[in-house]
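Have a look at the structure below, then the notes.
The values are calculated or read from the model by the stated rules, or taken from the named source; none is laboratory data. From a predicted model like this one, the values you see are computed outputs, not experimental measurements. Glycine gets a Cβ as well: all are built from the backbone with ideal geometry, and neighbour counts include every protein chain shown. Ligands, DNA and RNA are excluded from the accessible area calculation, which covers all protein heavy atoms including side chains. Shrake-Rupley method; radii C 1.70, N 1.55, O 1.52, S 1.80 Å.
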Amino acid sequence: MKYISTRGQAPALNFEEVVLTGLAPDGGLYVPETLPEFSQEEIASWAGLSYEELAFKIMAPFVSGAVSDEELKQIITEAYSTFRHDAIAPLVQTGHNEWILELFQGPTLAFKDFALQFLGHLLDHLLKKRNQKVVVMGATSGDTGSAAIEGCRRCDNIDIYILHPYQRVSEVQRRQMTTVLEDNVHNIALKGNFDDCQNMVKTSFGDQSFLPEDRQLVAVNSINWARIMAQIVYYFYAGLALGAPGRPVSFSVPTGNFGDIFAGYLAKRMGLPIDQLVIATNSNDILHRCLSDNDHSKQSLQHTLSPSMDIMVSSNFERMLFDLYDRDGDKIRGLMEDFKSGAMHLDESALSKAKELFSSHKVDDETMLDVIRDVFAHTEYLLDPHTAIGLKAARETRRRQDIPMVCLATAHPAKFPEAVRKAGQESDPALPTHMADLFQREERYDVLDNDIGTVQSFIAKNLKA
Ligand SMILES: *Cc1c(COP(=O)(O)O)cnc(C)c1O
């Protein structure tokens, strides 16, 4: 399969190349040239498959030519072997025809493990075959960093450098990163904010001359296509468990960068009968404003109790725009050019297509806390703040009670004790047993000045792989 850029001016790449790059040279994001489509009969025949078996069916067409069937099966088995629950993505019922899809059973307690456990094993496999070593560099305000580190810690051919803003991530999140002591894992606490971290990474991808000649940078943020691909699987898994393709299902997705819900849209295009796809946002509501008022403009960042959705711009929305504009790269280039000055307006036909595909709803902190309280009072089930936003948006936008509504639970409540306490819980939610000693573990990280030369020479000097 070939992959093309959303801005239409970069050469097409194969799967292996697309996994090992970041942005396309024209500034766009890569998407598959064509999507595999499965017939209703074929999807029906998958009922009862294990998560790993289903993952193979769905991902095989995307990787064909780069990874053999046997290799793909092995990568999948290894990727999901660290999940605590045998179902990998279990469903829990919270109301009539209303379900929570627990995507936090992986090693770092957030849904990002689904993509990053897979990506880590995939990279390890590809790099061994190519006899190549790479440097993974990323910025994190929380969940991505720990999931990426966990995904790469055992990869012999990867050095991973994760930058987080010094003293500005929660203690659970920091410790999940800094207590991984393998010597190919490097945590940098940058004396700056998250934007400084991100700019540092962007600049380094733009000019990689600080690295030895035989090394290149690989991106692990959600612009990496393999991450999106791995996330398509759980939509099918939940759908099949609830009666698809014999009946439709709906999904509500706590949304930040639009990676997760974009995978849901792809599942629909590939044949899963999805009725509603609900974009749930916190007060950083650019997507909700775009859909309801055609207002896709940057506003200042709000710090909320659901920090993993605190974004000003949803980078993966560009992939969606590409389809809404019938894959016209010139149009996307124009829109993104407009957006540089702060805002873009969708044309009539693109906007009406988007409205047909998605519902949206915005939930502020106070309302979110009410939801955690209310659901706990009724069911004794404790939601994390992101999931609570998804559940509220589902309840507000739901059109049909006879269609199962699946709310994606993107994190375990123990990751966000501040919100859980504010919602009235008397003690912090307990960490799962494999992490119960997190606060006693040894930490290792380096505090560096917010200076590109300092960071780049630190990276070059500390390569281990
Ligand atoms: C990353 C994250 C999100 C947002 O997902 P996107 O793919 O960026 O839309 C939501 N909730 C949690 C807990 C996350 O870590």
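Residues that are small (Gly, Ala, Ser), within 16 Å of the ligand (Cβ to nearest atom) and either at pLDDT 95 or above or surrounded by fewer than 18 Cβ atoms within 10 Å (Cβ to Cβ) (or both) do not occur anywhere in the range 364-380.
Return only the number of the condition from (1) modelled with pLDDT under 95; (2) under 30 Å from Leu127 (Cα atoms); (3) in a helix (DSSP H, G or I) that Gly453 does not satisfy. With respect to (1) modelled with pLDDT under 95; (2) under 30 Å from Leu127 (Cα atoms); (3) in a helix (DSSP H, G or I), Gly453 is out only on (1). When each of Ala24, Ala10, Ala55, Ala60 is tested for being small (Gly, Ala, Ser), over 29 Å from Met336 (Cα atoms) and without any contact (Cβ under 8 Å) to a residue 24 or more places away in the chain, the lone residue that passes is Ala60. Aliphatic (A, V, I, L, M), within 29 Å of Trp99 (Cβ to Cβ) and more than 23 Å from the chain's Cα centre (by Cα), is that true of Leu369? Yes: the conditions hold for Leu369. Selection within the range 181-217: residues that are more than 21 Å from the chain's Cα centre (by Cα) and either within 16 Å of the ligand (Cβ to nearest atom) or within 30 Å of Met1 (Cβ to Cβ) (or both). The member of this set that is surrounded by the most Cβ atoms within 10 Å (Cβ to Cβ) is Ser204.
Highlighted here are the helices (runs of 4 or more DSSP H) found entirely within the range 1-113 that include at least 1 residues which are under 28 Å from Gln276 (Cα atoms) and open to solvent by 20 Å² or more (accessible area, probe 1.4 Å): 40-44, 51-63. For the range 300-324, the set of residues classified as in contact with a Leu (Cβ under 6 Å, 6 or more places away or on another chain), touching a residue at least 60 places away in the same chain (Cβ under 8 Å) and more than 12 Å from the ligand (Cβ to nearest atom) consists of Glu318 only. Can you confirm whether Ser141 is open to solvent by 10 Å² or more (accessible area, probe 1.4 Å), in contact with a Ser or Thr (Cβ under 8 Å, 6 or more places away or on another chain) and at pLDDT below 95? So Ser141 passes the test. In the range 415-440, the qualifying residues are those that are touching a residue at least 24 places away in the same chain (Cβ under 8 Å) and open to solvent by 80 Å² or more (accessible area, probe 1.4 Å), and the one that is nearest to Ser141 (Cα to Cα) is Glu418.
Scanning the range 392-411 for residues that are within 12 Å of the ligand (Cβ to nearest atom) and either part of a helix (DSSP H, G or I) or touching an Asp or Glu at 6+ places or on another chain (Cβ under 6 Å) (or both) yields Ala409, Ala411.
Can Ser297 be described as more than 16 Å from the ligand (Cβ to nearest atom) and either under 17 Å from Lys362 (Cβ atoms) or of a type in the set (Gly, Ala, Ser) (or both)?
On the way: more than 16 Å from the ligand (Cβ to nearest atom): yes; either under 17 Å from Lys362 (Cβ atoms) or of a type in the set (Gly, Ala, Ser) (or both): yes.
Taking the combined requirement at face value, the residue satisfies it.
So, Ile228, is that one touching a helix residue (DSSP H, G or I) at 6+ places or on another chain (Cβ under 7 Å) and modelled with pLDDT of 95 or more or not? Yes, satisfied.
From the list Pro254, Pro245, which one is over 24 Å from Phe339 (Cβ atoms) and in contact (Cβ under 8 Å) with a residue 24 or more places away in the chain?
Values: Pro254 fails: over 24 Å from Phe339 (Cβ atoms).
Result of the check over Pro254, Pro245: Pro245.
Consider Asp328 carefully, then state whether it is away from the ligand (no atom under 16 Å from the Cβ) and open to solvent by 40 Å² or more (accessible area, probe 1.4 Å). Yes; evaluated as a whole, the condition is true for this residue. Please tell me if Ser341 is loosely packed, with under 14 Cβ neighbours inside 10 Å and farther than 22 Å from Gly256 by Cβ. Here the answer is yes, as Ser341 does meet what is asked.
Please find, within the range 114-131, the residue that is nearest to Ile188 (Cα to Cα) out of those that are open to solvent by 30 Å² or more (accessible area, probe 1.4 Å) and not charged (D, E, K, R). Checked the range 114-131; the qualifying residue nearest to Ile188 (Cα to Cα) is His121. Pairs linking a residue in the range 388-404 that is of a type in the set (D, E, K, R) to a residue that is assigned to a helix (DSSP H, G or I), with Cβ atoms under 8 Å and 6 or more positions apart or on different chains, are Lys392/Thr367; Lys392/Met368; Lys392/Val371.
Summed over the range 136-169, the residues that are polar (S, T, N, Q), in a loop (DSSP other than H, G, I, E, B) and within 19 Å of the chain's Cα centre (by Cα) give a count of 2. Please determine whether any residue of the range 109-116 is within 12 Å of the ligand (Cβ to nearest atom), under 30 Å from Pro212 (Cα atoms) and modelled with pLDDT under 95. No, the range 109-116 contains no residue that is within 12 Å of the ligand (Cβ to nearest atom), under 30 Å from Pro212 (Cα atoms) and modelled with pLDDT under 95.
Between Val233, Val220, which is β-branched (Val, Ile, Thr), assigned to a helix (DSSP H, G or I) and either open to solvent by 40 Å² or more (accessible area, probe 1.4 Å) or touching a residue at least 60 places away in the same chain (Cβ under 8 Å) (or both)? Outline the logic, then answer.
Values: Val220 fails: assigned to a helix (DSSP H, G or I).
Just a single option satisfies the conditions, and that option is Val233.
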